[in-house]
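> Starting off with a structure, shown below.
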Amino acid sequence: MKIQIINGPNLNLLGKREPGIYGSEGFENFFTSLKQKYPKVELFYFQSNVEGELINQLHDVGFEFDGIIMNAGAYTHTSVAIADAIAAIKTPVVEVHISNVYAREEYRHHSMMAKNCKGIITGFGLRSYELALLSFL
Ligand code: DQA
């Protein structure tokens, strides 16, 4: 089983960025432990701060992989183009967030992409990604 994790803008700073909200663990470290815990799953990780690169990655894996776990960061709330890309591909996408977006500012309560996703997991820290992974197993 091939699963792609895609992280959007500012998520390269996990561990350093607002640790009170996003925790103090870097994503690379978490990703290594996730791969060790699920050795039978082929897990891939891509991060970009650039909207078009996120869309290119969705296109690249979206007709071949079994699942995509996507934290589009702030683009979640603004990007028609990412929502359209998710609608265009075949691979199901689970939207994830580290923080509980519904407990935060109102502009974070709306997701442009949610209606094109298989489901949403929000608020469980980095465990949100593991919970999303379990939804594909
Ligand atoms: C986030 C929530 C978004 O509102 C924010 O813009 C992010 C991170 C999260 O994982 O909690 O960059 O997607």
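> Kindly list the residues of region 1-26 that lie in the label zone of Glu42, defined by a backbone N under 14 Å from the point 7 Å along the Cα-to-C-beta vector.
Answer for region 1-26: 1-5.
> Compute the distance in nm between two label points, each set 7 Å from the Cα along the Cα-to-Cβ direction, one at Leu137 and one at Asn100.
Distance between the two pseudo-spin positions: 2.5 nm.
> Please compute the length gained on full extension between Ala87 and Leu13, using 0.36 nm multiplied by the number of residues separating them and subtracting their Cα-Cα distance.
23.8 nm
> Still on this structure, I have one more. For the chain, please report how many Lys pairs fall under 18 Å Cα to Cα, leaving out neighbours fewer than 8 apart on the same chain.
7
> Once amide H atoms are placed 1.01 Å from N in the peptide plane, what residues at a sequence separation of 5 or more from Tyr45, or on another chain, have their amide H within under 5 Å of its amide H?
Placed amide hydrogens put Ile5 under 5 Å from Tyr45.
> Ser33 to Asp60: FRET efficiency via 1/(1 + (r/R0)^6), r the Cβ-Cβ distance, R0 30 Å, to the nearest 0.05?
0.75
> Oh, and also: Using the Karplus equation 6.51 cos²θ - 1.76 cosθ + 1.60 (θ = phi - 60°), what ³J(HN,Hα) coupling, rounded to whole Hz, does each residue of region 103-115 give in order, writing x for Gly and Pro?
Along region 103-115, the couplings run 9, 10, 4, 4, 5, 8, 7, 9, 10, 5, 8, 3, 5 Hz.
> Oh, and also: Using a basic spin-label model with each label point 7 Å from the Cα along Cα→Cβ, how many nm lie between Glu53 and His110?
Spacing of the two 7 Å Cα→Cβ label points: 2.8 nm.
Where a number appears in this text, it was derived from the coordinates with a stated rule and is not lab data. In this text, all values refer to a predicted model and were calculated from it rather than measured experimentally. Note: ideal-geometry Cβ built from the backbone for every residue, glycine included; neighbour counts use all protein chains shown.
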